[in-house]
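The values are calculated or read from the model by the stated rules, or taken from the named source; none is laboratory data. Nothing here was measured: the structure is a model prediction, and the numbers come from that model. In this analysis, Cβ positions are derived from the backbone assuming ideal geometry, glycine residues included, and neighbour counts consider all displayed protein chains.
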4 protein chains.
Amino acid sequence: MVTLDDLNRMDQSAFVAALGDIFEHAPWVAEATHNGRPFPSLQALHEAMTTAVRGAGDARQMTLISAHPDLAGKAAREGTMTADSEHEQSSAGLDRLSEDEIAAFHRLNNAYREKFGMPFIICVRRHGKASILRNFERRLENSSGVEQEVALTEIFRIAALRLDERIEGGERLPVHGHLSTHVLDTHHGQPASGLVTEFVELVSGEEQLVLKRVVTNRQGRTDEPLIGGRPLPIGRYELRFHIGDYFAGLDVRQSDPPFLDIVPVRFALAEPEGHYHVPLLVTPWSYTTYRGS
Amino acid sequence: MVTLDDLNRMDQSAFVAALGDIFEHAPWVAEATHNGRPFPSLQALHEAMTTAVRGAGDARQMTLISAHPDLAGKAAREGTMTADSEHEQSSAGLDRLSEDEIAAFHRLNNAYREKFGMPFIICVRRHGKASILRNFERRLENSSGVEQEVALTEIFRIAALRLDERIEGGERLPVHGHLSTHVLDTHHGQPASGLVTEFVELVSGEEQLVLKRVVTNRQGRTDEPLIGGRPLPIGRYELRFHIGDYFAGLDVRQSDPPFLDIVPVRFALAEPEGHYHVPLLVTPWSYTTYRGS
Amino acid sequence: MVTLDDLNRMDQSAFVAALGDIFEHAPWVAEATHNGRPFPSLQALHEAMTTAVRGAGDARQMTLISAHPDLAGKAAREGTMTADSEHEQSSAGLDRLSEDEIAAFHRLNNAYREKFGMPFIICVRRHGKASILRNFERRLENSSGVEQEVALTEIFRIAALRLDERIEGGERLPVHGHLSTHVLDTHHGQPASGLVTEFVELVSGEEQLVLKRVVTNRQGRTDEPLIGGRPLPIGRYELRFHIGDYFAGLDVRQSDPPFLDIVPVRFALAEPEGHYHVPLLVTPWSYTTYRGS
Amino acid sequence: MVTLDDLNRMDQSAFVAALGDIFEHAPWVAEATHNGRPFPSLQALHEAMTTAVRGAGDARQMTLISAHPDLAGKAAREGTMTADSEHEQSSAGLDRLSEDEIAAFHRLNNAYREKFGMPFIICVRRHGKASILRNFERRLENSSGVEQEVALTEIFRIAALRLDERIEGGERLPVHGHLSTHVLDTHHGQPASGLVTEFVELVSGEEQLVLKRVVTNRQGRTDEPLIGGRPLPIGRYELRFHIGDYFAGLDVRQSDPPFLDIVPVRFALAEPEGHYHVPLLVTPWSYTTYRGS
């Protein structure tokens, strides 16, 4: 990690070496930003870079946009993407699509290029696969003017995440979300500790991905957030609380089979930078869940 | 349907014609019961028949037990079961097993016959498929004496259900369970009407069977119980409440995608003759469910 | 009770004897309605009477309005009200006011008569004392035209309640509300039976009136509704569930003193003809309540 | 405040000057403890002092016990108590008793002295008034041996609280409890901010004491805990959440009067050193509360 202080002391060539790939194939953005040193915060640095892009004129912006690879496209298949793009696309599972999904992306990429004359850009780390496809379909309805603006917004989001990964110092950029849970045993009036819980991404109708298997601690919480330190990918998720085993372990009378065994709580994350808390209040015969904070 | 009054007026041959198949291949039970007329209630009739079996001695009881077909066994495959047995076995899905399940039943039937010298008898209409298999495994651990007693108890349950289907008059036999739901919209403080809900049997890890798709009425209930007028098969079930669409239809602000969309409530039925009520209190951001009454 | 059939067969003098006091000091309404026989329903009879009033012209309507006694006024003090009015005013506690309240009514009666030249009329059985006073204050803001209309509406409500008390036959008039409760013990997953509950009217800041002390039955309900067969007086109420004693009686571990002991649930009734259900889902450490149905 | 480091460097006379009144009229405890320096923690210091008392023999312990003033007794009336005792007794409201309560304490003090030949000692800061009286009654049933032990335990608790107030350094003694609340608006799926809440001590059947009036912050919490940094006095409390005004302020449709207006949540604190969290999940038509953590 480079620090903000380091950056502020760099000459232009070191500065461009450090930040040249924040914008895809566009070291000129870093170059144009070097003058603005010293940056008091990462926020100020990010703003300076977006200002540079905004001021660069239409042609240069379009070149920047066009330098991005298609999602799950030719560059991905041929391994010619930048390391950043490769990493980003794999985060949303775009490197392991089914044949149908590949065909869907192919069709959408072509339709989008045909209509707008540029690649479809989205900050994939803020989305699950279904959300990317839904956005793709929706944005095809936009006008060219709107889409050019949307593309820049997404590029700025990508840049912020890349900055967040590479540079440290001062307050972090507001690019992270937070998802946590908490289980209260309202039969005993205490936190439910030692409760096994799976955290699952409902990728699509059929595809489910167990992201984590956690055990609640003495406070009824998990030691680590379910998701933290990164955007919450927009999508649908499920927590599966093994409350049958939990109450059996405490010798609480249950029916056979227990009325409640694995309690599924299904919910969507819609704000990648949001704070979501999804608690469970539970007895062997009842439960309550809600969006907490 | 024959009425209890009709039965009470029948001579022995008509009586046996009417009730000869209440006990599998054992018209002698009806024969021995004819004397006891008039029966004031179905309960009294059922008790008279079980008393006749209890008094018939060990050998005759064993003959009665042995006259029952295996579950998913040779008689089923060859179509030589009584109509009652055929109907009963199909109710639990034993007529549409996978190859693995057929092999499991085959193995268990053989092990059981080997150990106890009689077929495994269970009142299948009180169980889902997984519950039958679990009982099968468990009962293999019993002693011969216990199993003979359990077999009779199950035969009396089968007889009660057959009586309940054929004879009417007075109070019904206590062989039915009841499962219902109720949805309260606590965002608006009113019953949730027009809410689509699926009722699903979780047959096994993989196999799920949508039993019903219902829409709640103005009281937030379903016009018919989810299960009524028959035993509740022991097993695991899921209600899937489409609350995302419901609140969208009322123009309630939700996130995109909605925090809650299809709310799954997973529970087990453990008492076939029990009354289960599984309500949902719901807003777009929270819900509560419990075993009600 | 007179039946609708009886009424339909009566000559005019008997008819007026039976219904002459449905409208205060206005037997002419019954007289004018006699022609309309036979009435297929109480609803039709009530409509015929209100139509007679509506058609009687402004002067006669004003005479009808003026024939009503003040609330907690001179006629009440001197015992010269009709039996109906006396009964009605006492239902809302207007016969047992504090000196301050008497002064408030006196002031409001005078202000109202001064502004509108007629007595303030309200169907008192649909209100608690605080609601009457609040309505009194609010209606003083109205114009004369609005108030004359409101007065007639209230007179028709009074008439409907008097008819409901005197005449039976066919469907009842929609003048009744319903208030009930239900307690689910979600610690054990069963209805809470034998639970002591007080039902209290919060008459005003200081004044509380224990209306009923009930014990839940095996279904966790009360044998009788908390209020039924009459309008629900608009006002504030409290249910006090003695759940500490209930769980102690079942030997459930609680803290000392118990975390929850007497659980107060405070709510308002706002629709006199509404159906209110106020359930409690409770463990020794948690509870949920809601407007049910 | 004196620090632990200061203490560890003191000669005996300074040490006794600093800690002589930790035990009521018993500077000899501090004296005997001085040798044990340096104390690595407050816990170690407290243990050393209790060890000194334990080792001092029966006569000296009885003298220590007897040096304590009666609760609400002659010393209190005449103003001859130590400053510590005065402060402690007033914390539980013993300096502002009704005549009936004074008579009750008088009767109990006499009965206790008669039976045990010593004053009744209780760490009053861990109790509300009703809890002190209940303990008084209960402990009168004990044997002399048990009571002498209980008296010492209470003296050690008093000493711990006095140490906690006077000395700082390292980890604090475990003498504090914590009470907090949190309001979630499950109508909107967000914390309820700006919600007015009263925190009330239910001192006795009639007497209620509004301890705090707070307004929830943007997280739906209060900026300060309801009680923190001191023991939670055992007793009964009520939170009164003004949810009618809260939802009216957000233009949410409610009935008139609102179904829920001021929501009372009544609960007991039973563990003075416990952590209690009492959240509310609320819509205009429903709420849930529970002992959280």
So B:D223 clears everything in (1) part of a loop (DSSP other than H, G, I, E, B); (2) within 14 Å of another protein chain (Cβ to nearest Cβ) except one condition, right? Which one? (2)
Residues of region D:206-226 satisfying the condition of being at pLDDT 95 or above, surrounded by 12 or more Cβ atoms within 10 Å (Cβ to Cβ) and out of contact with any Asp or Glu (no Cβ under 6 Å at 6 or more places or on another chain): D:K212, D:V214, D:V215, D:T216, D:Q219, D:G220, D:R221, D:T222, D:P225, D:L226
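In region A:264-293, what residues are away from chain C (no Cβ under 14 Å), at pLDDT 95 or above and in a strand (DSSP E or B)?
Just the residues of region A:264-293 that are away from chain C (no Cβ under 14 Å), to begin with: A:264-278, A:291-293.
In the following step, the residues that additionally are at pLDDT 95 or above were identified as A:264-278, A:291.
The answer is A:P264, A:V265, A:R266, A:F267, A:A268, A:L269, A:H275, A:Y276, A:H277, A:V278.
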If I go through region A:146-171 residue by residue, how many of them are in a helix (DSSP H, G or I), out of contact with any His (no Cβ under 8 Å at 6 or more places or on another chain) and not acidic (D, E)? 11
Restricting to region D:264-293, what's the tally of residues that are among the hydroxyl-bearing types (S, T, Y) and surrounded by fewer than 21 Cβ atoms within 10 Å (Cβ to Cβ)? 1
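Checking the condition among the acidic types (D, E) and either free of Cβ contacts under 8 Å to residues at least 40 places away in the same chain or buried (at least 22 other Cβ atoms within 10 Å of the Cβ) (or both), which residue from D:D245, D:D261 passes?
Numbers: D:D245 fails: either free of Cβ contacts under 8 Å to residues at least 40 places away in the same chain or buried (at least 22 other Cβ atoms within 10 Å of the Cβ) (or both).
Just one listed residue meets the conditions, D:D261.
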If you take the residues in region A:176-205 that are away from chain C (no Cβ under 14 Å), modelled with pLDDT of 95 or more and assigned to a loop (DSSP other than H, G, I, E, B), which one is surrounded by the most Cβ atoms within 10 Å (Cβ to Cβ)? A:L195
Residue list for region D:123-142, restricted to those being assigned to a helix (DSSP H, G or I) and either among the charged types (D, E, K, R) or touching a helix residue (DSSP H, G or I) at 6+ places or on another chain (Cβ under 7 Å) (or both): D:V124, D:R125, D:R126, D:K129, D:I132, D:L133, D:R134, D:F136, D:E137, D:R138, D:R139
Can you confirm whether region A:230-243 contains a residue that is facing another protein chain (nearest Cβ under 10 Å), in contact with a Pro (Cβ under 7 Å, 6 or more places away or on another chain) and within 30 Å of A:L42 (Cα to Cα)? yes
Scan (1) crowded, with 17+ Cβ neighbours inside 10 Å; (2) in a helix (DSSP H, G or I); (3) at pLDDT 90 or above for the single condition D:D21 breaks and write down its number. (2)
Against the definition (in contact with a Lys or Arg (Cβ under 6 Å, 6 or more places away or on another chain), more than 22 Å from D:Y276 (Cα to Cα) and not basic (K, R)), how does C:F199 come out, yes or no? yes
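Among the candidates D:E78, D:E24, D:E88, single out the residue that is touching a His at 6+ places or on another chain (Cβ under 6 Å) and farther than 21 Å from D:G169 by Cβ.
Details: D:E78 fails: touching a His at 6+ places or on another chain (Cβ under 6 Å); D:E88 fails: touching a His at 6+ places or on another chain (Cβ under 6 Å).
So the residue among D:E78, D:E24, D:E88 that is touching a His at 6+ places or on another chain (Cβ under 6 Å) and farther than 21 Å from D:G169 by Cβ is D:E24.
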When region A:130-140 is checked residue by residue, the ones that are at pLDDT below 95 and either more than 14 Å from chain B (Cβ to nearest Cβ) or touching a Leu at 6+ places or on another chain (Cβ under 7 Å) (or both) are none
Hits in region D:234-260 (condition: over 30 Å from C:D256 (Cα atoms), of a type in the set (D, E, K, R) and touching a strand residue (DSSP E or B) at 6+ places or on another chain (Cβ under 8 Å)): D:D245
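Considering region C:140-173 alone, what residues qualify as being β-branched (V, I, T), more than 12 Å from C:V124 (Cα to Cα) and buried (at least 20 other Cβ atoms within 10 Å of the Cβ)? Spell out how you get there, then give the answer.
Step one: filter region C:140-173 for residues β-branched (V, I, T), giving C:146, C:150, C:153, C:155, C:158, C:167.
This time we only want the ones that are more than 12 Å from C:V124 (Cα to Cα), so: C:146, C:150, C:153, C:167.
Passing the criteria: only C:I167.
Would a scan of region C:81-104 turn up a residue that is acidic (D, E), in a helix (DSSP H, G or I), closer than 26 Å to C:Q148 by Cβ and modelled with pLDDT of 95 or more?
no
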Number of the condition not met by B:V214 [criteria: (1) over 25 Å from A:Q254 (Cβ atoms); (2) outside any loop (DSSP other than H, G, I, E, B); (3) within 11 Å of another protein chain (Cβ to nearest Cβ); (4) out of contact with any Leu (no Cβ under 7 Å at 6 or more places or on another chain)]: (3)
Single residue of region C:27-68 satisfying the filter (of a type in the set (S, T, Y) and part of a helix (DSSP H, G or I)) that is nearest to C:V175 (Cα to Cα): C:T50
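Which of the residues spanning region C:42-63 are within 23 Å of the chain's Cα centre (by Cα) and either surrounded by fewer than 21 Cβ atoms within 10 Å (Cβ to Cβ) or of a type in the set (D, E, K, R) (or both)?
Our first condition is that a residue be within 23 Å of the chain's Cα centre (by Cα); within region C:42-63, this holds for C:42-47, C:49-50.
Across region C:42-63, the qualifying residues are C:Q43, C:A44, C:E47, C:T50.
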Total residues in region D:251-263, condition more than 12 Å from chain B (Cβ to nearest Cβ) and among the hydrophobic types (A, V, I, L, M, F, W, C): 2
List the pairs whose first member sits in region D:85-109 and is free of Cβ contacts under 8 Å to residues at least 60 places away in the same chain and closer than 17 Å to D:F136 by Cα, whose second member is part of a loop (DSSP other than H, G, I, E, B) and polar (S, T, N, Q), and whose Cβ atoms are under 9 Å apart, counting only residues at least 6 apart or on separate chains? D:E101/D:S204
